[in-house]
Structure formats: C-alpha cells, structure tokens
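The values are calculated or read from the model by the stated rules, or taken from the named source; none is laboratory data. On a predicted model such as this, the values are computed, not experimentally measured, just so you know. For neighbour counting, all protein chains shown are included, and Cβ atoms are generated from backbone atoms with ideal geometry for every residue, glycine included. Ligands, DNA and RNA are stripped out before the accessible areas are found, and what is left, the full protein with its side chains, is counted by its heavy atoms. Shrake-Rupley method; radii C 1.70, N 1.55, O 1.52, S 1.80 Å.
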Amino acid sequence: MRAAKLSILTLLLVLLAGCGFKLRGSAELPGYRLPFATIALSLAETSEFYAHLKRTIEASSPGTRVVSDPREAEAVLTILGDRSEKIILSLTAAGRAREYQLVRHFSFKVHGNVTAPAAPAVKYSDAPVTGPVEYLPASTITLRREITFSDDLVLSKESEEALLLRDMQNDLVQQLMRRLAAAKLQPVKVAE
C-alpha cells in the first residue's frame, strides 16, 4: 500500500514537472535603459514627486543615477509646468456637482548639459557648429480621471479623489520613464 502511494506521488510530480509548471519568482520592474549615466531633476528635492521619480529611475535603470547639481549631470529634466485642475462635468437637479474630471498637465523637456564652444574666428567655415543639445524637446503629458460626487459620502469621495491623484502620479512617472528611455541626443534647432 505504501509503495502504491509513493509511486502515485512520484507520477504526479513527474507530470507536474513535465507540464512546464514553475514558481513565478520575484517580480521584476520593467527595464528602462536610459541613454545617459546621470540626470538632474529640476524639482524640489523634498517633494513626493521628486522622491517617486528618483526611486523609479534608480531602480529600473541601473546605469543611471540622479544627481542634485545640474552641472554634474549629463542630462537635465526641466519642468516647464505642472498644473492640476478639477472640472465639473455634470450637475444634479439641485445645481450641485455630480461628476468631476481631474486633469493634470505636466510639461517638461530634457536637455544635455553641454556648453557651447566659443564662436569660430572665421565667419564662413565648413566646420560643424556645435551648440546646445537636447534629448527631448518641450513636451506635455496630460492625464484625466473622472470621479462622481455625493454630498452623503463626502469623506469617502475625498479619499477616492486622493487615490485617483496618486494613481495619476504613478501613471505620470511611468509615461515619463518611457519617454526618457526613448530619448536620443539631437542638436537644438535655432530659429534664424
């Protein structure tokens, strides 16, 4: 009887191993290979967004680190604007807001920390003129989320709004990381 149980158990283990079953293991962050070794963020170092972005950059791109001094960085992420707004979408019969739309507009650019050399002495030359460079031109990421509102559930709706705002920030960081990973060094076009 014991030999039969042992053989059945062995058979089940062999079948389980043969089907391709494997423990999942540890979760890996999506790998974003950033095209620069150091980056400076033009954000307040005490802000939650700065900490989140820095943690994501250093965790998902092992070759890149965030520095505080822009002069030491190979690339600089400059924030051109970060604006949040709450728009009323619909009203109740009593004239109170029933639905809102949370909108966040985030404008930025990523430029290289390369100083332009002095102008050549010869005015007309075939030598290439180097100047400021940028990884990403001025861009805007716009995020939108809808939320319903009820006067009876004020506290729960406030916590739901805070969760949506945190979700928007997570989404913003992921979109920013994808754009940073796709960045390429290019000369700035100067209007003549």
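Only one of these is more than 25 Å from Asn170 (Cβ to Cβ), modelled with pLDDT of 75 or more and not in a loop (DSSP other than H, G, I, E, B): Ser90, Ser107. Name it.
The unique qualifying residue is Ser90.
Being assigned to a loop (DSSP other than H, G, I, E, B) and open to solvent by less than 40 Å² (accessible area, probe 1.4 Å) is the filter here, so list the residues in segment 135-186 that pass it.
Here is the first cut: in segment 135-186, the ones assigned to a loop (DSSP other than H, G, I, E, B) are 149-150, 182-185.
Within segment 135-186, Ser150, Ala183 qualify.
Pick out the one residue from Glu99, Glu58 that is acidic (Asp, Glu), assigned to a strand (DSSP E or B) and in contact with a strand residue (DSSP E or B) (Cβ under 9 Å, 6 or more places away or on another chain). Full working, then the answer.
Values: Glu58 fails: assigned to a strand (DSSP E or B).
Unique residue meeting the criteria: Glu99.
Kindly indicate whether any position in segment 32-43 is over 30 Å from Ile147 (Cβ atoms), modelled with pLDDT under 90 and open to solvent by 80 Å² or more (accessible area, probe 1.4 Å).
Yes, that holds for at least one residue.
Give the residues of segment 131-154 that are under 21 Å from Ser84 (Cα atoms) and at pLDDT below 90, sorted by residue number.
If the condition is that a residue be under 21 Å from Ser84 (Cα atoms) and at pLDDT below 90, then Ile147, Thr148, Phe149, Val154 are the ones that fit.
Starting from residues that are closer than 10 Å to Leu34 by Cβ and buried (at least 16 other Cβ atoms within 10 Å of the Cβ), keep the ones in segment 49-73 and report whichever is modelled with the lowest pLDDT.
By that ranking, first place goes to Ser61.
Take segment 49-71 and flag every residue that is among the charged types (D, E, K, R) and in contact (Cβ under 8 Å) with a residue 40 or more places away in the chain.
First, pick out the residues of segment 49-71 that are among the charged types (D, E, K, R): 54-55, 58, 65, 69, 71.
Passing the criteria: only Arg71.
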